[in-house]
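What follows is one structure encoded as structure tokens, with my remarks underneath.
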Number of protein chains: 4
Amino acid sequence: MSITSTALVLRGPREIVLEERPCDDPGPGEVIVAPQVVGICGSDLHLYREGRIGDSILERPLVLGHEAAARVAAVGAGVTELKEGDRVIVEPGLACDRCAWCRSGRYNLCPHVRFMGVPPTDGLMASRVRVPARWVHHLPDELSDAEGAMIEPLAVGLQAAHEAGVAPGQTVVVLGAGPIGLMILQAARIRGAGPLIAIDLADRPLEMARRLGADFTVNPREASPVDLVQEITGGTGADIVIEAVGAAATIRQAFDLVRRGGVITLVGIASEPTIPLSTNRIVRGGLQVRSSFRYAHQHPIALRLAAARRVDLLAPITHRFAAAQAPEGFQFVDQHKDTVIKGILTFADGREGG
Amino acid sequence: MSITSTALVLRGPREIVLEERPCDDPGPGEVIVAPQVVGICGSDLHLYREGRIGDSILERPLVLGHEAAARVAAVGAGVTELKEGDRVIVEPGLACDRCAWCRSGRYNLCPHVRFMGVPPTDGLMASRVRVPARWVHHLPDELSDAEGAMIEPLAVGLQAAHEAGVAPGQTVVVLGAGPIGLMILQAARIRGAGPLIAIDLADRPLEMARRLGADFTVNPREASPVDLVQEITGGTGADIVIEAVGAAATIRQAFDLVRRGGVITLVGIASEPTIPLSTNRIVRGGLQVRSSFRYAHQHPIALRLAAARRVDLLAPITHRFAAAQAPEGFQFVDQHKDTVIKGILTFADGREGG
Amino acid sequence: MSITSTALVLRGPREIVLEERPCDDPGPGEVIVAPQVVGICGSDLHLYREGRIGDSILERPLVLGHEAAARVAAVGAGVTELKEGDRVIVEPGLACDRCAWCRSGRYNLCPHVRFMGVPPTDGLMASRVRVPARWVHHLPDELSDAEGAMIEPLAVGLQAAHEAGVAPGQTVVVLGAGPIGLMILQAARIRGAGPLIAIDLADRPLEMARRLGADFTVNPREASPVDLVQEITGGTGADIVIEAVGAAATIRQAFDLVRRGGVITLVGIASEPTIPLSTNRIVRGGLQVRSSFRYAHQHPIALRLAAARRVDLLAPITHRFAAAQAPEGFQFVDQHKDTVIKGILTFADGREGG
Amino acid sequence: MSITSTALVLRGPREIVLEERPCDDPGPGEVIVAPQVVGICGSDLHLYREGRIGDSILERPLVLGHEAAARVAAVGAGVTELKEGDRVIVEPGLACDRCAWCRSGRYNLCPHVRFMGVPPTDGLMASRVRVPARWVHHLPDELSDAEGAMIEPLAVGLQAAHEAGVAPGQTVVVLGAGPIGLMILQAARIRGAGPLIAIDLADRPLEMARRLGADFTVNPREASPVDLVQEITGGTGADIVIEAVGAAATIRQAFDLVRRGGVITLVGIASEPTIPLSTNRIVRGGLQVRSSFRYAHQHPIALRLAAARRVDLLAPITHRFAAAQAPEGFQFVDQHKDTVIKGILTFADGREGG
């Protein structure tokens, strides 16, 4: 027996439709969730535009979405910590819990992970979705559904600041002030960093960065980020540079911004397969180039920090679309990169907050 | 007043002579040392061949050498821990002791360091050299002068294994089995790593690597390092890869050898200004690319481990030259890369050991 | 040649006087500072009451004080980064800069340190004090002298949170809400911790703790801290407990408050020579008992965070005394433990701020 | 359906018998193992003597044993990595794999763990035992069954050296040279530590410690450990002290042996509920008191190091008993503390090695 779910299905590049799909009953340890608000992520747009992301290729129609606040609609056998009606968020990386990475606590690197909304695993932009209860977290009353949908990007930001080892009083540069860059910025601030410098080619994100705690912002079209950072640091360079764009130019620039002995952390996925880098600068500069991929153990922390109002999750949301207009929403967001910072889809009875 | 010193002076590419030079009396906190054995390092040869190394350019005649066992010949005012006749080694990186890097314990990154034997600072291939007592370490009776001269490369190896975070039971690949690679290998073994895999294009170094503890060796001309490591690790890849060559091919190969979530540590100085690398492999693989530059606080540890016979410092020494034949020695080493692993210069009364 | 300085001198338990003392000209690398505001610390009061603190015994009259904002009054030879009139703070632990601890960056553990205001080293409660320029930091314009005097206790708090490894979203308990406890609390909050729980036997400090960011406070005379923490953490216990009292009861209680695998960090100096502790609880609970002693490298961070208004340094200051009334001030603070949180002494022309 | 197993059952203090017990068929994910060699651990003896250990009380007859090399006798559904006849060892701490500790990689702290051979969970001293396949590791051909039985104590030693953060060239003191102390000693040596100092009240273990790598040994009945360590370290103290006795005297002595800023790691379970310790020594000495409880992720490392002959697992085995004489064996070991270092029980067809 099963119910039906209205799902937002990507059939091919820029070919996206609402579709009725069956949703099976929850098995043991599973729940059915009814998403209320689902964020449109850069990787959703990437898939929308190109039908692929990295090595993951759209080979059959796929339900998009991995940033969701939801309500529990049904619970399977053995699920005791969730009940129908609970307000929740879903952690979309369904790791195997058995490999060496999972067992050592680094489940973001699980080679067997099924990541919702990335081929071939269907995502959360649907009215009903079956998920393992193990990856569902309670959404505190203090937080709206829109905020709940932003917990996933905040988790990305927290992981990046954690991997970078951000500490109080450090000078941190964030390259890119899109939704992920803004979350990294706030995560760095939460860890006591400062001064914080945000760099972006567009002014609207920089304005938002200042609102969310950047002490300095710079648009490389108008001024030199390297000069600014040299000035701020008395010629030393930044303690930490976090790259959240994925462009060859920003990745290379990270090496010009960081101080001797500093840490560069890569978050952005590059479109170019290789980028020429100076390994001698790494060796002679005593640098570390780290990476931050998705997150592990960050959702409960993100929820706690959000509920305590240590972070502003609503400010980056510039556009909202009803689920019924989701296809048009994707089209709009795709065509208005300069004005949209973050778009979200709101389902039926979502408590949006804000 | 001053005495004279017979010094090995590099005047230009491949133009090297023995020269009498004045050696000033030791000032306060200084000592005069009489080097007994000085190793010929790859960077000495690089300078010899090209008259430059990295950004350091030979602009005036330079005394080479930074790997020395010596005797104390005279002590300046205020020097209490050393006396005439003491057997010592010299740590050649004269850091400033005042900058942020020095004061936080990372003196290998001191921007004000004067590194002996690298332009514009004269080195240790001379019969008498004035050095600050602060950088002179006692050489234990258990160790010969030849072993003393190898403490500096061992310190490089220990730093690399430290920066890489080598731990017991880890699979560690060392790319390059020259003198530095062999020290890294031994340092990794000292930290309990295993299996250890050494990779080199020449067979003699690989033979030496096996003798010094490599569990597996591979010459890429004969077999695929990637296949070997995949087989050893059951398809997972190495926990740690340490690059001690500096070639584009080996640096790129490091990324094919390391496991998801593993650590690459760069030690080799590359001749190419940039090397195309896949940043996506760093991000999606959860990798860290670290570096190891020179050493900080490693000489006392190196001396302790050597005195306890935890390491074999003499095995890599394949050629010895009397100081009087130093120019011919450089020429020989330069022309016999395939047979020479490590050459040393022995001065007057050196106790060579072995 | 020398000028005179009006100094607050402790001659014996509760015997404190203002005295004219000569102040020598600054030697090379030294400066003369004119303190403007000097905080009265718990350790000053301890010395005042008992004529000793720990192993440090008052054997001759001593100038107290180690928390000072000052102006530079004269500079010695070779001092280039400071000039007359500069607003500064003084880091009072004059470490040797040469021992293994100093050279590895842990100068707070220097066995040769001369700590100003602790026997036998005179302190900063004087109109003129000669200090090494190396330990003098610029006070930013944004900060008042009163705030400057609080940088030292903030550095203690930052070190404690650093040693404890406080991270975002962690439940942190601070035992003791006196001036140091309040700084630890703020430091933990700066690192993103929460919920934060403050425990104290007096209500005024707890009120202050709530104002400075404690999410929960508890007075053990009124409710059980263990019950509260169990409730907040769902029975797990706190991730980190920082002890800033030094009483046997609170030290023992730390073990009842911390979770399995958690970290206890001891800051408070105990009056009892030994305290019975359950080592089995440490072993079976997988605990770490760390310590935080003074600070290393924290003053620049403290100044930066204070200037960025990430911390409130003025709130804890409940009482101010002019230097001329310093003896009465000490008496007052000594006799009004319940109402005084922090008292400061203001010299001549201090810019108090607030 | 079930087969029978001959089990060594503890019925009460010093009341131990061989008993036939049913052994159920393996369920899904389970295997039946036939232990070949099982070590007699200090905790087995503690239970034997007192009928309790820590909070774990013998409330019903219990099969002892948690150090076992075995053969796989049958496999349950879904077990693919093991087959009948495989030589294996069993990791005896059956952690839940679901709690926060398990999921962060610290499964040794799992509050839901069932530890085999500790009440109320039956152990491995039996001819047939049902265990989850997840906790069974392959025993390499290079290792005998007797060595296999010693992998568990080696894992304890490796965990202790890991928790203590032992690094090359560090001075490490191990208090206690019983089977666990000897494994810690070897683990410290594997990580490059030295000099290594072993302390014990009996001479036979000290002799064994020297054989296994201790550079110095001292019996406190004959000489002062503190004097020895002061002499070895030039008055500084040991970098790391690992306590593997659990006596008040040795725990207190750890604080006299460690250097300023050093690390004490507690492994021994104390018989006294509390021990008076100087917390001021912790604070003023900048000490860390860590703990090491059982192990996490150490068995594969232990197997690898043992197979590579980096450790001597047979030397500590001084006595062997056939399973049929197990009750007499326990009695003998209990009564000959001075001559027995480690006793093992050999079942049927064990390949003992050595």
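Derivation of every value follows stated rules applied to the coordinates shown; laboratory data play no part. These figures come from a predicted structure and were not determined experimentally. Here Cβ is always computed from backbone atoms with ideal geometry, including for glycine, and neighbour counts include all displayed protein chains.
Annotation for segment B:272-311 versus segment C:212-273: alpha-carbon center distance of 41 Å.
Rounded to the nearest 10 degrees, the inclination of helix D:248-257 to the longest alpha-carbon principal axis of chain D is 50 degrees. Considering only the label points, 7 Å along Cα→Cβ from Cα, what distances in nm to one decimal separate residue A:14 from the same position in each other copy, shortest first? Label-point separations across copies, in nm and ascending: 6.2, 8.8, 8.9. Each Lys and Arg contributes +1 and each Asp and Glu -1, all at the Cβ; summed about the Cα centre of the protein assembly as shown, the dipole is approximately 0 debye. Sorted fewest first by neighbouring Cβ atoms within 10 angstrom, B:321, B:347 come out as B:321, B:347.
Dipole of segment A:147-258 (Lys/Arg Cβ +1, Asp/Glu Cβ -1, origin at the Cα centre): which of A:236, A:151, A:257 lies farthest to the positive side? About the Cα centre, the residue reaching furthest to the positive side is A:151.
Between 0 and 90 degrees, the angle of helix B:151-164 with respect to the longest Cα principal axis of chain B falls at about 30 degrees. Take residue C:25, move 7 Å from Cα toward the beta carbon, and the resulting point lies 2.9, 9.6, 10.0 nm from the same point in each other copy, nearest first.
Closest approach of a chain A beta carbon to the axis mapping chain A onto chain D (residue, whole Å): A:105, 2. About its Cα centre, the dipole of chain C is roughly 860 debye, where the only charges are +1 on Lys and Arg Cβ and -1 on Asp and Glu Cβ. One Cα centroid belongs to segment A:160-203, the other to segment A:8-44; the line between them spans 31 Å. Label point of residue A:220 (7 Å along Cα→beta-carbon): distances to the other copies' equivalent points are 3.0, 5.7, 6.4 nm, sorted ascending. Taking the Cα atoms of segment D:1-97, the ratio Rg/Rh between the radius of gyration and the Kirkwood radius comes to 1.00. Only helical runs count toward this figure. For chain A, summing -39,500 (n - 2.57) over DSSP H runs of n ≥ 4 and dividing by all residues gives -7500 deg cm²/dmol at 222 nm. Computed from point charges on the beta carbon alone (+1 for Lys and Arg, -1 for Asp and Glu), the dipole magnitude for segment B:159-291 about its Cα centre is near 300 Debye. Taking the C-alpha atoms only, the angle from helix C:326-335 to the longest principal axis of chain C is near 20 degrees. For segment C:224-235, the Karplus equation 6.51 cos²θ - 1.76 cosθ + 1.60, evaluated at θ = phi - 60°, returns couplings of 8, x, 5, 4, 4, 5, 4, 5, 4, 9, x, x Hz by residue, with Gly and Pro reported as x. Take the Cα radius of gyration of segment B:177-234 and divide it by 2.2 N^0.38 Å, N being the number of residues; the result is 1.05.
Close amide H pairs (under 5 Å, H built 1.01 Å from N) link residue C:56 with no residue at least 5 positions away or on another chain. Which percent of the Cα-Cα distances in segment D:229-354 go past 16 Å? Result for the distance tail: 75 percent.
With semi-axes defined as the square roots of five times the eigenvalues of the C-alpha gyration tensor, the equivalent ellipsoid of the protein assembly as shown measures 46, 43, 39 Å, largest first. Computed over segment C:159-291, relative contact order equals 23 percent, with contacts defined as Cα pairs under 8 Å that lie 6+ residues apart. Provide, for q = 0.22 Å⁻¹, the log10 of I(q)/I(0) from a solvent-free Debye sum over equal Cα point scatterers in segment A:79-217. Treating every Cα as an identical point scatterer, log10 I(q)/I(0) equals -1.25. Per residue, the average separation of C-alpha pairs within less than 8 Å and at least 6 apart gives segment B:214-351 a relative contact order of 15 percent.
Mean sequence separation of contacting Cα pairs (under 8 Å, at least six apart), scaled by the length of chain D, corresponds to a relative contact order of 18 percent. Would you work out the Kirkwood radius for segment D:1-47? I mean one over the mean of 1/r across all pairs of different Cα atoms, in Å. About 12.8 Å for segment D:1-47.
Each 5 Å bin from 0 upward holds the following percent of the Cα-Cα pairs of segment A:159-291: 2, 12, 24, 26, 22, 10, 3, 0. The GluC sites (Glu not before Pro) of segment B:35-80 that DSSP puts in a loop, and whose beta carbon has at most 14 other beta carbons within 10 Å, are B:59.
Across the options A:340, A:131, A:184, the greatest Cα extent toward the positive end of the charge dipole of chain A (unit charges at beta carbon of Lys, Arg, Asp, Glu) belongs to A:184. Note that segment A:88-98 has calculated 3J(HN,Hα) couplings of 9, 10, 10, 8, x, x, 7, 7, 7, 6, 10 Hz, one per residue in order, obtained from phi through the Karplus relation 6.51 cos²θ - 1.76 cosθ + 1.60 (θ = phi - 60°); glycine and proline are x.
Annotation for segment B:107-121 versus segment A:314-328: alpha-carbon center distance of 57 Å.
In a DSSP loop and with at most 15 other Cβ atoms within 10 Å, the GluC sites (Glu not before Pro) in segment A:214-311 are A:222.
Among the trypsin sites (Lys or Arg not before Pro) in segment D:71-148, those placed in a DSSP loop whose Cβ has at most 13 other Cβ atoms within 10 Å are D:83, D:98.
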